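Asker: The structure that follows is given in the form of structure tokens.
The values are calculated or read from the model by the stated rules, or taken from the named source; none is laboratory data. Note that the structure is a prediction, hence the values are computed from the model and not measured. With ideal geometry, Cβ positions are generated from the backbone for all residues, glycine too; neighbour counts draw on all protein chains shown.
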Amino acid sequence: MNTFNKLWGVVTPAEAQAKIEEQRAILNGKTPENLEEQAISLVGTDIYEKLIKDYTEKQWGKPTTELPSFIIRRLPVRLTYDNNYFNDTYQGIPIGGYTQIVEKMLDHENIDVETNVDFFVNKEQYLKDFPKIVFTGMIDEFFDYKLGELEYRSLRFENETLDMENYQGNAVVNYTDAETPYTRIIEHKHFEFGSQAKTIITKEHSKTWEKGDEPYYPVNNDRNNHLYKSYKKLADEQGNVIFGGRLGHYRYYDMHQVIGVALQCVRNELN
């Protein structure tokens, strides 16, 4: 409601909803077929133009008319003055961060950890030697891109150490305009309420993935989803390989969804 109030001067949820209904009327009751139409149906044209369009196209490198509608459904819309982003009952991050919790998971006598190892150098040997492999890399790379390449988005990080205690007052601030080259700034100390005299910020730039880059996001448009289904058929024939994660499932999972899918995978294997 704070956003609606600043933009339109409305005060009550009924006034905000009426404004949204007025602006979404341009769809004439049409079922949204792309991200632009889905966004307008959720929040109207003003907020779409000011907060969603430029940011989304900067993030994905494609016009919103070419992106699937489900991406924007992750955006919570509430007609309340609650400024929290998520609606979940429980919210938080692991104490000490994700690195620490993963290190503790791997600290077991039955687990050996090797880093800087290229799976594909010894892929055939691994498939032969191990009864079960969990593969969380790019599914098209696993099959040597033989059906064609899927699209991904990558990121470039620009780190700065600043001689100040507090730069932006929040862990993450998104920049929704087209002119700012980065999508967001992360100020790491605010994740755990740090009180250091200096602060470290990271500017996050979205970019097209190229071979050699780290892939972060699958681009789930119609072309890529159709190609993924073909790769999924090949994956189903790999009896000793479990494909998982954003890259293995070619889906835009949030962290809690990744954990949920992993737990369900374990249940399936044990049963």
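Asker: With respect to the numbered conditions (1) in contact with a His (Cβ under 8 Å, 6 or more places away or on another chain); (2) without any contact (Cβ under 8 Å) to a residue 24 or more places away in the chain, which one is the sole condition not fulfilled by residue 212?
Answerer: Result: residue 212 fails condition (1) only.
Asker: Within region 214-271, which residues are within 30 Å of residue 89 (Cα to Cα), in a helix (DSSP H, G or I) and of a type in the set (Lys, Arg)?
Answerer: Matches in region 214-271: 246, 267.
Asker: Please determine whether any residue of region 169-188 is polar (S, T, N, Q), modelled with pLDDT of 95 or more, loosely packed, with under 13 Cβ neighbours inside 10 Å and closer than 23 Å to residue 61 by Cβ.
Answerer: No, region 169-188 has no match at all.
Asker: On the basis of being crowded, with 16+ Cβ neighbours inside 10 Å and acidic (Asp, Glu), does residue 33 make the cut?
Answerer: On the way: crowded, with 16+ Cβ neighbours inside 10 Å: no; acidic (Asp, Glu): yes.
The answer is no for residue 33.
Asker: So which of 83, 28 is exposed (fewer than 13 other Cβ atoms within 10 Å of the Cβ), of a type outside the set (D, E, K, R) and under 26 Å from residue 255 (Cα atoms)?
Answerer: Just one listed residue meets the conditions, 83.
Asker: Here is a follow-up. If you go through region 68-86, how many residues are in a loop (DSSP other than H, G, I, E, B) and within 17 Å of the chain's Cα centre (by Cα)?
Answerer: First, the residues of region 68-86 that are in a loop (DSSP other than H, G, I, E, B): 68, 75-86.
After this cut, where a residue has to be within 17 Å of the chain's Cα centre (by Cα) as well, the list is 68, 75-76, 85-86.
Looking only at that region, the number is 5.
Asker: Right, another one. Of all the residues that make up region 7-26, how many are of a type in the set (Val, Ile, Thr) and in contact (Cβ under 8 Å) with a residue 60 or more places away in the chain?
Answerer: To start, the set of residues in region 7-26 that are of a type in the set (Val, Ile, Thr) comprises 10-12, 20, 26.
Now drop any that are not in contact (Cβ under 8 Å) with a residue 60 or more places away in the chain, which leaves none.
Residues in region 7-26 being of a type in the set (Val, Ile, Thr) and in contact (Cβ under 8 Å) with a residue 60 or more places away in the chain: 0 in total.
Asker: Restricted to region 114-144, and to residues that are in a helix (DSSP H, G or I) and touching a strand residue (DSSP E or B) at 6+ places or on another chain (Cβ under 8 Å), which residue is nearest to residue 250 (Cα to Cα)? Let's see the steps before the verdict.
Answerer: Here is the first cut: in region 114-144, the ones in a helix (DSSP H, G or I) are 119-129, 139-142.
Narrowing further to those that are touching a strand residue (DSSP E or B) at 6+ places or on another chain (Cβ under 8 Å): 119, 126-127, 139, 142.
Working: 119: 19, 126: 23, 127: 22, 139: 8, 142: 13 Å.
Per the stated criteria, the residue is 139.
Asker: Go through (1) in a helix (DSSP H, G or I); (2) touching a helix residue (DSSP H, G or I) at 6+ places or on another chain (Cβ under 8 Å); (3) without any contact (Cβ under 8 Å) to a residue 24 or more places away in the chain one by one and return the number of the condition residue 65 breaks.
Answerer: Of everything listed in (1) in a helix (DSSP H, G or I); (2) touching a helix residue (DSSP H, G or I) at 6+ places or on another chain (Cβ under 8 Å); (3) without any contact (Cβ under 8 Å) to a residue 24 or more places away in the chain, residue 65 misses just condition (3).
Asker: Could you please let me know if residue 118 is surrounded by fewer than 11 Cβ atoms within 10 Å (Cβ to Cβ), more than 22 Å from residue 240 (Cα to Cα) and of a type in the set (D, E, K, R)?
Answerer: On the way: surrounded by fewer than 11 Cβ atoms within 10 Å (Cβ to Cβ): yes; more than 22 Å from residue 240 (Cα to Cα): no; of a type in the set (D, E, K, R): yes.
Spelling it out, it is not the case that residue 118 is surrounded by fewer than 11 Cβ atoms within 10 Å (Cβ to Cβ), more than 22 Å from residue 240 (Cα to Cα) and of a type in the set (D, E, K, R).
Asker: Oh, and also: Say we look at region 192-212 and pick out the residues that are in contact with a Phe, Trp or Tyr (Cβ under 7 Å, 6 or more places away or on another chain) and of a type in the set (Ser, Thr, Tyr); which of these is farthest from residue 153 (Cα to Cα)?
Answerer: Step one: filter region 192-212 for residues in contact with a Phe, Trp or Tyr (Cβ under 7 Å, 6 or more places away or on another chain), giving 199, 201-205, 209.
From what is left, the residues that are of a type in the set (Ser, Thr, Tyr) are 199, 202.
Values: 199: 28, 202: 18 Å.
Checking each candidate, the answer is 199.
Asker: Within region 181-202, can you find the residues that are of a type outside the set (Val, Ile, Thr), assigned to a strand (DSSP E or B) and within 28 Å of residue 70 (Cβ to Cβ)?
Answerer: Quick first cut of region 181-202, residues of a type outside the set (Val, Ile, Thr) only: 181-182, 184, 187-198.
Subsequent filtering for residues that are assigned to a strand (DSSP E or B) retains 184, 187.
184, the sole residue that qualifies.
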